[in-house]
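Working notes, beginning with the structure itself.
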Amino acid sequence: ARLITLRSTVQIRPPQPKFKQSIMFMDKNKYFNLNLKSNNILFIIFSFFPIAFLIGNSVINIILFFTFLFYFISLYQAKINFNFKDKIFLILILFWLSLIINLIFSQNPILSYPRVIKFFIIIFSVLSFVYIINLNNHRYENKIYMSWTIILGIVILDLIFEYVLGFNILGFQSYMPGRLASFFGDELIVGNFFSAFSLIFLTFILNKFSKKNNLILVLATILILVSFLIGERANFIKTTLMILVFIYFAVDYTKKIKLLYFLILVFFIFLLVNLNQNYKLRYVSQLKNIFQKNGIQIYLKKSQYGAHYNVAYKIFKENLIFGVGIKNFRVESFKDKYKDKYKNSAYGGGSTHPHQIHFELLSETGLFGYFSFLIFIIFSIYKSLESNFTNKNLYQFSGILYVCSTLLPVLPSGSFFSTFSSGLFWINYSVMVAYIKN
C-alpha cells in the first residue's frame, strides 16, 4: 500500500520547469549585460572625449555620432521612455527649428545644411551626457571628471615642457614667438581647449581636497600663468576671469586673503612679461594703444579682428532679418563691395568667420537667429543658476562660467558653428545643464 501510494504521488506531481527557469534567468542576465555594456560605452566615450579635440575634427564628429547612437541604444535596452517634456530638450529643439528656418533664407544652403543636421546630433549628445552623469546615482560622474582632469594635467605638463625647451614632448613647436602649440602643432588653438577644461580640473581637485584651500590657490595660480604662457590673449582674459570668479565664490577664504592672492598673481604676470620680450610685445606693446583716448575704436579700425568685425557688421546691415546663412560669411566677406570699407586698415575683412560670436550670429543668422539664440542661452543659464542656488554643484558652476565667458562681447572667439569651438562649448553646456532637475 505504501509503495502504491508513493507511485501515485510521483505520477501526479507536475514536472518542474527547471530548464525553463534557467532560460529565463539567462535571458535576464543577457539583457542586463547588454544594457550595462551600452552604458559603459557611453561612459568610455565621454571619459576620453577631450582626447578627440587633440586628434582632430573628424574624431570629434565621430564621437558625437556615437554618443547620439548609444544614447538611444541605452534607452531602448533599459526600456526608458524618452521624456519629450524635458525643458532642456524643448529649448534645444526650438533653437534647432530656428536654424532650419534660417536655412530656408540662406544664400547658399549647401554650406549651411551640414551644420543644421549636425546640431540635431548635438542635441542628443547633450542629453546623453546628462543621462550618463545622472545614471545610477551619479555612478560614472567622478570617473569622467577624473579622466578629464588627468588629460588636462598632461597638457599642462606638456605646455610647461614646451615653454622651457621650445618644443613639446612630440616635437611640435609654435611658428609664432610668444605662443605655445602643445599637441595641436600648426594650429594655435590650445588656449581654447585649456580654457574649456580648466575649471573642471580645478573643481575635481577641490572636491578631492576640500579642506586644502592653499593647494587650490596654488593650482589656480598655475592655471592662470600657463594660460598666460600659451599667448592667446582673449582666452587668457576669459580663463583668468573664470578662475577669479570661481575662487571668489567657491573657495572659503576671507576677502583680504583673496585680495592678496590677486595682487600676488598680478606680480607673477608682471614678472613673466618683463622676463620675455615676446610676451612683452604681445601683452603690452601691441595692446597699449587700447588704453588711450578712443583706443578701442582705433584698435578695431587698424587690427585684423576689427576688419572682420566691420565686415560682419556691414553684412548684417544688408541682411538684417535672416543674415546670409550659416557658414556663408566665408563667401560673402570676400566680395568686392566690402573691400572699399578699409582704406585706413592694412587688413582685409574676409575670413572663414568673424572671430566673434555675436558678429557671427548677426551676420549669418540675422536678428531672427540672434534673438532665437539669446532666448535659448538666457533660458538655459537661468535654469542652471536656479538649480545651482539649490544644489551648489561646483561642476555646474564651472559650466555656467565657461558658457558666460563665451558670450563676452568684443573679445575674439572661435566660430560658434565650427567643430572644434562648438564642441568645447557644447561639452561645457552639457555640464551646465546636467544638474537641472526636471
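FYI, it's all coordinate maths here, none of it is from the lab. Note that this is a predicted model, so its numbers are computed, not measured. Note: ideal-geometry Cβ built from the backbone for every residue, glycine included; neighbour counts use all protein chains shown.
Taking only the Cα atoms of the chain, the ratio Rg/Rh comes out at 1.10, with Rh defined as the Kirkwood radius.
How much of the pair distance distribution for the range 319-438 lies past 23 Å, counting alpha-carbon pairs only, in percent? Spell out each step's value before the answer.
Details: 2803 of 7140 pairs.
It works out to 39 percent of all Cα pairs.
Using C-alpha pairs below 8 Å separated by at least 6 residues, the relative contact order for the chain is 17 percent.
Mind ordering 149-158, 45-54, 84-93 by average Cβ neighbours within 10 Å, highest first?
Values: 149-158: 18.0, 45-54: 20.3, 84-93: 15.6.
Packing proxy ranking, top to bottom: 45-54, 149-158, 84-93.
Past the 22 Å Cα-Cα mark, which pairs from Lys208/Lys256; Lys255/Lys293; Lys37/Lys143; Lys256/Lys383; Lys143/Lys392? Correct reply: Lys208/Lys256; Lys255/Lys293; Lys256/Lys383.
In this rough spin-label picture, where each label sits 7 Å from Cα along the Cβ direction, the Leu263-Ile104 distance is 6.1 nm.
Here the simple spin-label model places points 7 Å from the Cα toward Cβ, and for Phe84 and Tyr175 these points are separated by 5.2 nm.
Binning the C-alpha pair distances of the range 216-271 at 10 Å intervals from 0 yields a P(r) profile of 23, 59, 17, 0 %, listed from the shortest bin outward. Here the simple spin-label model places points 7 Å from the Cα toward Cβ, and for Lys392 and Phe209 these points are separated by 2.2 nm. Couplings 3J(HN,Hα) for the range 233-249, derived from phi with the Karplus relation 6.51 cos²θ - 1.76 cosθ + 1.60 (θ = phi - 60°), are 4, 5, 5, 5, 4, 5, 4, 4, 4, 4, 5, 5, 5, 4, 4, 4, 8 Hz, where x marks Gly and Pro. Rounded to the nearest 0.05, what FRET efficiency is calculated for Leu271 and Leu407 with R0 set to 22 Å and r the Cβ-Cβ distance? E(calc), rounded to 0.05, equals 0.10.
Pairwise inverse Cα distances across the range 138-285, averaged and inverted, put the Kirkwood hydrodynamic radius at 16.0 Å. Extension gain for Leu374 to Ile62 (0.36 nm times residue separation, less C-alpha to C-alpha distance): 109.5 nm.
Given the peptides 360-366, 277-283, arrange them by the average over their residues of other C-beta atoms within 10 Å, most packed first. Kindly include the intermediate steps, with their values, before the conclusion.
Working: 360-366: 27.0, 277-283: 16.0.
Per-residue mean Cβ counts within 10 Å order the peptides as 360-366, 277-283.
Cross-link reach is defined here as a Cα-Cα straight distance under 18 Å, omitting same-chain residues fewer than 8 places apart; for Lys302 the aspartates and glutamates meeting it are Asp340.
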